[in-house]
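The structure appears right after this line, and notes come after that.
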Amino acid sequence: MATDTYPALLIPAYQPSETLVQLVQAVRALCSEQRIIVVDDGSDENRAAIFLKLNDCNIELLRHPKNQGKGQALKTGFKYWLETSTSSALGMVTADADGQHLPQDILHIGTVFRNHPSALYLGVRQFNKESAPWRSRFGNKLTTFVLRSLTTMPLQDTQTGLRAIPRKLITTLLTSKASRYDFELEMLLMAEEHKITIQQVPICTVYFDDNNTSHFRPVIDSIKIYFVFIRFTAISILSAAIDFIIFSFIYWLKKNIFLAVLLGRLLSATFNFKLNHHLAFKSQNKLLPAAIKYASLASFLGLIAYSLITLIHSWGINVYSSKIMAEIALFILSFTIQRFFIFNKSIFLKK
């Protein structure tokens with residue numbers, strides 16, 4: 001019988017084939033106590049026989065009357081699990097319905113998660129093999145490159161559907177407005193925002209019929225995914241512009257670098273914090289503790305910025321150019337620290 005000491009398995013399914021039945025049967029044969037929740041995301045009547053067979057595998061079946069997208073199907077499963085599990089339940093493992101994840105890999109990532117249930121685990125496929133369809137290789141590599149450039153998260157498979165998700169993150173994910181494939185990218189950004197470690201677990205790369213059974217819409221869903229990046233970076237760009245404008249105005253008015261840096265940082269950081277807290281990540285954390293931590297970080301970076309601007313300006317460079325050069329130096333420093341000390345390759349786990 002399934003218990004809450006082992007992560008439940010959640011499978012979103014839209015127009016599934018017999019492959020889903022085979023997958024569930026294989027998982028059940030390998031682990032009889034595995035709790036399995038399947039969400040029928042508005043499949044048509046032609047798939048009724050598939051779901052009927054699943055009922056014989058001792059699963060819990062949830063249904064959407066019409067297709068709402070993979071992200072919404074996952075959130076439906078998350079909400080149901082939170083309502084039906086005990087407070088001691090660790091989290092959930094998600095897997096795709098098309099057979100791309102082997103039963104052994106599904107159970108392995110659940111076991112790894114069970115030993116350390118505070119992190120988000122990703123089942124990472126290998127896209128350098130010729131067996132991977134070109135659109136899968138290209139789409140994943142492009143998304144990975146953009147994510148690394150903007151967040152310094154050295155992830156190798158940003159769109160993998162095989163994940164082990166801790167309870168804390170599941171609760172937060174229910175606040176997300178994403179409903180389709182963009183939800184899986186948003187999950188990574190929300191994990192980073194909430195300081196949840198992301199671990200990578202190598203898995204087998206399996207594709208059937210050149211991945212033609214995938215319901216991923218290359219144009220529409222790609223646009224939705226990259227819109228997450230746009231929202232994620234737009235606030236930072238606006239904050240930087242506000243900082244520079246206020247700095248320039250105060251320095252022009254008072255000719256005081258410290259005062260210009262102080263007011264520029266104060267107003268731009270307030271703007272950045274409020275929008276990141278309520279818009280970018282829709283955080284449910286208490287405002288005061290988050291504000292205190294953010295203010296401490298902003299003050300520290302402000303002091304470094306003031307020191308750099310003063311130093312560069314002392315070399316005979318005008319103060320506005322000094323401001324730009326100092327901010328670039330701070331960005332490179334932050335990127336380097338995160339890339340090599342915070343998000344280094346140690347997060348990649350051997351199987």
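Summary of computed values
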| item | result |
| --- | --- |
| With DNA, RNA and ligands ignored, accessible area of Ile59 (1.4 Å probe; Å², nearest 10) | 20 Å² |
| Packing-based order for 324-332, 109-117, using average beta carbon neighbours within 10 Å, highest first | 109-117, 324-332 |
| Asn46-Phe300 pseudo-label distance in nm [points 7 Å out on the Cα-to-Cβ vector] | 5.8 nm |
| Estimated FRET transfer efficiency when R0 is 22 angstrom, pair Ser17-Gln126 (beta carbons, to 0.05) | 0.35 |
| Rough spin-label spacing in nm, given labels placed 7 Å along Cα→Cβ, for Asn55 and Ser88 | 3.3 nm |
| Thr197-Lys66 pseudo-label distance in nm [points 7 Å out on the Cα-to-Cβ vector] | 4.5 nm |
| Potential lengthening between Asn318 and Lys79 on full extension [0.36 nm per residue; Cα-Cα distance subtracted] | 80.4 nm |
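The values are calculated or read from the model by the stated rules, or taken from the named source; none is laboratory data. Predicted, not measured: the structure shown is a model, and the values here were computed from it. All Cβ positions, even for glycine, are placed from backbone atoms using ideal geometry, and neighbour counts span all protein chains on display. Just so you know, the surface numbers come from the protein's heavy atoms only, side chains and all, with ligands and any DNA or RNA stripped out. Shrake-Rupley method; radii C 1.70, N 1.55, O 1.52, S 1.80 Å.
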